[in-house]
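What follows is a set of notes on a single structure, which appears directly below.
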Amino acid sequence: MRNQDPAQLIAGVRGGDRLRLAQAITWVENEHPRAVELLAALYPCGGGSHIIGVTGAPGSGKSTLVTALARAIRAAGQTVAIVAIDPTSPFTGGAILGDRVRMRALSGDPGVFIRSMATRGSLGGLSKTTGGVITVLDAAGFDRILVETVGVGQAEVEIASTAHTTVVVEAPGLGDEIQAIKAGILEIADLLVVNKADRPGADKTVQALAMMLELDGTHARPRRHHGRLVPDSQAATGTPAHAGQGESRDDARWRVEVLKTVASTEEGVETLRQRIEAHRDWLLETGEWTAREHLRAAHAVEALLRAELERRIRAQWAALDVRALVEAVAQRRQDPYHAAQRLLAGH
Amino acid sequence: MNQQGQHSIEQAPDASAAPGPLDVAGATDTTPAAPRIRVLVAKPGLDGHDRGAKVVARALRDAGFEVIYTGIRQTPQMIAEAALQEDVDVVGLSILSGAHMTLCPKIIELLRNQGQSHVVVVVGGIVPEEDIPRLQAAGVYAVFGPGATTEAIAATLRQAVAAAQGQ
């Protein structure tokens with residue numbers, strides 16, 4: 001049963017066989033020698049899923065919010081897959097993937113599929129193979145795919161080039177106004193959520209985030225051009241609008257909103273789901289969906305290119321005594337710049 | 001079903017499981033890394049004492065396993081469903097309530113019915129000596145009592161998974 005060929009797995013993924021789907025994901029995660037065949041066959045079948053990234057600091061309640069959001073999505077009659085990512089220990093290679101503990105309310109529902117993934121050494125908040133796993137789930141026909149990143153800090157923004165809609169989760173007491181002004185994770189948000197909004201300080205957190213959005217002026221995620229972030233040429237310097245109202249002065253521009261939720265009681269979660277849907281509608285109406293698909297494709301190709309280049313360079317090292325070279329750098333007999341050049345040159 | 005199957009331990013010789021892009025020093029280790037063993041640690045039944053399960057989960061993480069931890073009060077159906085979605089190699093059941101003779105065969109039956117008879121099932125907790133052969137007859141690979149060391153558990157799981165995958 002475990003010795004599959006790709007055709008069996010492809011048919012299973014396309015035909016709703018959950019065991020084959022799970023095994024296909026394992027192939028992708030383990031970079032099985034034939035995983036590329038599998039992914040190449042499944043890629044053209046995809047494109048139908050709305051991919052929603054949920055990211056935020058550890059302890060902000062991402063898993064509970066994802067669970068509540070998945071229940072709301074199911075109540076709206078759509079199927080949902082969840083990819084929940086937790087960190088791999090850099091020392092042992094092991095991991096504890098604990099997101100399912102908070103997801104028990106979803107068990108027994110055939111319209112839900114949950115997969116836990118370890119980062120296996122990646123640092124961007126996702127794992128190297130998350131994109132491939134999304135390709136499999138997309139081809140399996142899930143209406144919505146929720147991708148929960150590891151608990152992130154300020155720089156793990158990879159999710160923004162993987163998802164169509166990025167939800168950044170904050171919680172009261174995790175940071176002050178200065179944190180909110182810092183660049184990085186808040187800039188990738190299409191929707192900002194203050195979870196645990198029943199706790200003291202929630203309104204202060206909402207205010208701080210709303211103020212940051214007003215300073216930002218555009219209330220919109222920076223656009224990208226040829227892979228670079230560029231300021232919106234129409235960036236408004238005029239009247240700052242109030243965050244949290246939803247309707248924009250300029251209908252063509254998405255305004256980032258600050259929403260309040262209490263995921264444990266599902267308060268505010270249906271509103272969040274509706275705003276995510278509104279973002280999807282906006283993406284489709286403005287052509288931004290196509291732009292983000294382009295960005296996602298560029299990111300995928302670039303990531304694969306990097307992996308292949310790294311593999312080729314490492315293959316060249318077979319003839320080199322890398323340990324001795326590193327030792328020479330450690331003893332300052334060799335400088336790291338020329339050591340790296342030697343590794344690149346392969347001699 | 002197992003003897004023909006070994007897909008998940010095949011590995012391209014160059015597929016690197018290096019912990020990070022800057023792992024220059026580790027690159028001279030040419031041994032191909034085996035895919036991480038995935039273990040579901042679950043606590044079926046009604047007792048809420050999960051300290052043992054958490055200690056084992058932590059120890060397995062430190063031994064390099066990927067542990068999917070599901071928490072307390074899991075039904076056999078919930079455990080089987082999680083084992084399927086996560087495509088695990090091992091299901092570890094922590095049982096202190098004495099209900100092992102009903103819970104374990106039920107879970108093993110559900111795993112078999114969904115096409116996962118290759119999954120290794122082990123039990124940890126308080127199990128009377130005389131029940132161990134009966135559990136093994138029901139398909140439990142090993143039973144770990146309070147004296148079992150975490151090293152022994154990790155070693156047993158590695159062996160069992162290698163055997164189940166036909167190596």
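The values are calculated or read from the model by the stated rules, or taken from the named source; none is laboratory data. What you are looking at is a predicted structure, and each value in this text was computed from that prediction instead of being measured. Methodologically, a virtual Cβ is constructed for each residue, glycine included, from the backbone with ideal geometry; neighbour enumeration extends over all protein chains shown. Heavy atoms of the whole protein, side chains included, go into the accessibility calculation; ligands, DNA and RNA do not. Shrake-Rupley method; radii C 1.70, N 1.55, O 1.52, S 1.80 Å.
A 1.4 Å probe run over the stretch A:33-110, with the rest of the protein chains in place, finds 38 Å² accessible per residue. Reported to the nearest whole Å, the Cα centre-to-centre distance from the stretch A:1-79 to the stretch B:123-167 is 31.
Residue by residue along A:86-92, Cβ atoms of other protein chains within 10 Å of the local Cβ number 4 on average. Inverting the pair-averaged 1/r between distinct Cα atoms of the stretch A:285-347 gives 14.3 Å as its Kirkwood hydrodynamic radius.
Heavy-atom accessible area buried between chains A and B is around 4200 Å² (1.4 Å probe, both sides summed).
May I ask you to give the percent of accessible area on the stretch A:1-40 that is carbon plus sulfur, with a probe radius of 1.4 Å? Summing carbon and sulfur atoms, their accessible area is 53 percent of the total for the stretch A:1-40.
Applying 1/(1 + (r/R0)^6) with R0 = 35 Å to the Cβ-Cβ distance of residue B:58 and residue B:113 gives a FRET efficiency near 0.65. Taking a ≥ b ≥ c as the square roots of the eigenvalues of the alpha carbon gyration tensor, the stretch B:82-167 is oblate, as a/c is not under 1.5 and a/b does not beat b/c.
Of the cross-linked pairs A:62/A:260; A:128/B:54; A:128/A:260, those separated by over 23 Å at the C-alpha level are A:128/B:54; A:128/A:260.
Straightening the chain between residue A:277 and residue A:91 buys 62.9 nm, computed as 0.36 nm per residue apart minus the Cα-Cα spacing. Seen from residue A:102, the other residues with C-beta closer than 11 Å to its C-beta sum to a net charge of +1, counting Lys and Arg as +1 and Asp and Glu as -1. For the stretch A:32-58, heavy-atom accessible area (probe 1.4 Å) falls by no less than 30 Å² from the chain alone to the full protein assembly at A:32, A:33. Placing a label point 7 Å from the Cα of residue B:49 along the Cα-to-Cβ direction, the residues of the stretch B:124-152 whose backbone N falls under 19 Å of that point are B:124-132, B:143-150.
Under the simplified labelling scheme, the residue B:73-residue A:301 pair shows an inter-label distance of 5.2 nm, with each label point 7 Å from Cα along Cα→Cβ. Overall, the accessible surface of the stretch B:40-164 at a probe of 1.4 angstrom is composed of carbon and sulfur to the extent of 57 percent. Across the options A:16, A:32, A:6, the greatest Cα extent toward the positive end of the charge dipole of the stretch A:1-40 (unit charges at beta carbon of Lys, Arg, Asp, Glu) belongs to A:16.
Sorted on the mean count of surrounding Cβ atoms within 10 Å across their residues, most packed first, peptides B:122-130, A:317-325, A:113-121, A:88-96 read A:113-121, A:88-96, B:122-130, A:317-325.
Inter-part distance, the stretch A:303-347 to the stretch B:45-84, computed on C-alpha centroids, equals 41 Å. When A:343, B:46 are compared by accessible area of protein heavy atoms, the largest-first order is B:46, A:343, using a 1.4 Å probe.
Per residue of peptide B:78-91, the mean number of Cβ atoms on other chains within 10 Å of the residue Cβ is 5.
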